[in-house]
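Asks: One structure, as structure tokens, below. Some questions next.
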Amino acid sequence: MSEPSAAHAPTTTRVRLDGIGKTFVDARSGAPQQVLADFSLTVEPGELVAVVGASGTGKTTLLHVVAGLVEPDAGTVDIGRPRLGVVFQQPRLLDWLPVRQNVALALEAAGLDPAAADGTLAAVGLAEYAGSYPTVLSGGQRQRVAVARAFAVEPDLVLLDEPFSALDELTARKLRLLLQELWMQRPRTGLLVTHNPLEAALLADRVIVLAGRPAQVAAEYRVDRERPRSAEDPHLFDLHSRIVAAL
Amino acid sequence: MTATDLRPARAAAVPAVPARPRRRWRALPALLFLVLLAGAWQLMAVLLDSVLVPGVPQIVTELVEIVADGSFAEQLGITVLRVGLGFALAFVVAVAVGIAMGRNEFARRFFEPAVLLGLTIPGLVWALLCVIWFGIDLVNPVAAVALSSAPPLMLTIYQGTRSVDPDLLEMAHVYRFSRATRLRRLWLPALAPALFAGARLGLSLGWKVIVLVEVFGMSSGVGYQLNNAFAAQNVAAVLAWTLLFAIVMAVLEYGVLQGLERRTGRWRKAVSV
């Protein structure tokens, strides 16, 4: 990944959600399940906001609304048409294509040089696996490829959907540090949804705690710590405790 | 970036390769079966001593004659062209309809009766109808093969489409893959197992139908030669043409389809250790 340059101008992408509502119908019972009701959120340009909540509080639905994967029943989504970089809970790689091509396809679709895939893979420590099929990679390595793909496209908006929750804690820790480094190289507008309070405190500029159903904002915290941050930072640990209490 | 603890382990780079029997022995069971079949047939021919059950040497003599005088290559070429055109037409239509059925509820409901109807109509009926409708024109065998092989192809592609991981479709959506990229890099590789299964089923039906069409309404092709041999009560020639036809099918299966399948499925063999 290249160093910040003139080409990497500060992002101007702002996410503005206003009065979002979403109801799903339970496939088994047919009963309506209101996940989001009159939910509003603004993510300022260059800000990384973490949305923390227990399972089923509508975090992923919220992220899918922003990604354009779910149409809200009510409210407005005002984000323009930014170039997205998304890291899902699972890596979502095309197993039949070599790692390099998985990244190159996203670059190609974004109108960028596919040859840049190798540099991005080197930045996440996977240069030697560029020609391998994803099936030979471990879970952590596959998720690194997903991170590389998300950042390779020089996204205006990065969406992170519980990106490390499927990994063991040791691997997840390494990837959080990697993500922090990538963010320091070039801040972007970002939305992270997670059920891990420490992950939110470590990575985000602002943490929003969701609770209830439909989800309501139970608490909001600004993380006033310079990057790079450490998971051992007592301030972050204190914030972690407050988030847990608010959940 | 620090390189201290971010580097992955190297161990997984080399995929595990399961032990496989040596190449020269792999064909042994199939060869053994064929030798036993030929032996049993010859025994039956000797015991029955009938012109209706020719012995293996007679069949082989007939087979060598057919190949040597060049008629096999010529007639087979004609039949293969007809099957190839019909199957290609069925394949293109089936990929479009099968994917549409898997992706769109209206398309599924719209095409479902046609597919089910197509599956229930015997190949013999298609052969007869196409002879009546199209006479001895090339359209006749092409249409008959397409009509008989398209329904099973559509069904397998539809079922394959339903099993494509929706997570990958979402990924393609957020990264704004073009339609062509989605088709080439996502849909077709994901559908490869269904496409091969459908191709086998469709081709097997196509071969059966083409023989019927050539028996009923054509003046060339393997089916026509079979009909000639039947009219002359030359059972050895009927069996020789059938055997040659089966050999060509085996070459197509082992030489072409399985080769393609191995090529498209290489990534499946690359597994983590």
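The values are calculated or read from the model by the stated rules, or taken from the named source; none is laboratory data. Predicted model only: the values in this text are computed from it and were never measured. All Cβ positions, glycine included, derive from the backbone under ideal geometry; neighbour counts span all protein chains shown.
Asks: Being over 19 Å from the mean Cα position of the chain (by Cα) and either buried (at least 18 other Cβ atoms within 10 Å of the Cβ) or among the aromatic types (Phe, Trp, Tyr) (or both), is that true of even one residue in segment A:222-238?
Replies: Yes, there is a match, as at least one residue in segment A:222-238 is over 19 Å from the mean Cα position of the chain (by Cα) and either buried (at least 18 other Cβ atoms within 10 Å of the Cβ) or among the aromatic types (Phe, Trp, Tyr) (or both).
Asks: Report, ordered by the first and then the second residue, all pairs with beta carbons closer than 8 Å, sequence separation of six or more or different chains, a first member in segment A:222-247 that is in contact (Cβ under 8 Å) with a residue 60 or more places away in the chain and hydrophobic (A, V, I, L, M, F, W, C), and a second member that is part of a loop (DSSP other than H, G, I, E, B) and surrounded by 12 or more Cβ atoms within 10 Å (Cβ to Cβ).
Replies: Matching pairs, first to second residue: A:Leu247/A:Gly53; A:Leu247/A:Ala54.
Asks: A further question on this structure: Quick check on my filter: what residues within segment A:126-146 are within 7 Å of another protein chain (Cβ to nearest Cβ) and outside any helix (DSSP H, G or I)?
Replies: A:Leu126, A:Ser132, A:Tyr133, A:Leu137, A:Ser138
Asks: Hey, another quick one. Can you pull out every residue in segment A:137-190 that is among the small types (Gly, Ala, Ser), surrounded by fewer than 24 Cβ atoms within 10 Å (Cβ to Cβ) and closer than 16 Å to A:Leu63 by Cα? Break it down stepwise before answering.
Replies: The first filter runs over segment A:137-190 and keeps only residues among the small types (Gly, Ala, Ser), leaving A:138-140, A:146, A:148, A:150, A:152, A:165-166, A:172, A:190.
The next check asks that each one be surrounded by fewer than 24 Cβ atoms within 10 Å (Cβ to Cβ); those that pass are A:138-140, A:165-166, A:172.
The answer is A:Ser165, and nothing else.
Asks: Also: Going by what's in this entry, would B:Trp207 be described as away from every other protein chain (no Cβ under 14 Å) and buried (at least 18 other Cβ atoms within 10 Å of the Cβ)?
Replies: Taking the combined requirement at face value, the residue satisfies it.
Asks: Among the candidates A:Val99, A:Val87, which residue alone is surrounded by 14 or more Cβ atoms within 10 Å (Cβ to Cβ), under 30 Å from B:Ala190 (Cα atoms) and over 20 Å from the mean Cα position of the chain (by Cα)?
Replies: Answer to the selection: A:Val99.
Asks: Could I ask something else about it? Check B:Pro151 against each of (1) touching a helix residue (DSSP H, G or I) at 6+ places or on another chain (Cβ under 9 Å); (2) under 30 Å from A:Pro155 (Cβ atoms) and name the one condition it does not meet.
Replies: All conditions are met except number (2).
Asks: Here's something else I'd like to know. Within the bounds of segment A:147-165, is there any residue that is of a type in the set (Lys, Arg) and either away from chain B (no Cβ under 14 Å) or over 22 Å from A:Leu69 (Cβ atoms) (or both)?
Replies: no
Asks: Return yes when A:Thr42 is under 20 Å from the mean Cα position of the chain (by Cα), polar (S, T, N, Q) and either at pLDDT below 90 or closer than 30 Å to A:Pro214 by Cα (or both) and no when it is not.
Replies: When the stated conditions are applied, A:Thr42 passes them.
Asks: Report the residue count in segment A:47-96 for those that are within 14 Å of chain B (Cβ to nearest Cβ), free of Cβ contacts under 8 Å to residues at least 60 places away in the same chain and in contact with a Ser or Thr (Cβ under 7 Å, 6 or more places away or on another chain).
Replies: Of the residues in segment A:47-96, 2 are within 14 Å of chain B (Cβ to nearest Cβ), free of Cβ contacts under 8 Å to residues at least 60 places away in the same chain and in contact with a Ser or Thr (Cβ under 7 Å, 6 or more places away or on another chain).
Asks: So, one more: State all residues of segment B:214-262 that are farther than 13 Å from B:Thr79 by Cβ, free of Cβ contacts under 8 Å to residues at least 40 places away in the same chain and buried (at least 18 other Cβ atoms within 10 Å of the Cβ); if no residue qualifies, say none.
Replies: B:Ala229, B:Val238
Asks: Oh, and also: Which residues, taken from segment A:10-26, are assigned to a strand (DSSP E or B) and surrounded by fewer than 21 Cβ atoms within 10 Å (Cβ to Cβ)?
Replies: A:Arg16, A:Asp18, A:Gly19, A:Gly21, A:Thr23, A:Phe24, A:Val25
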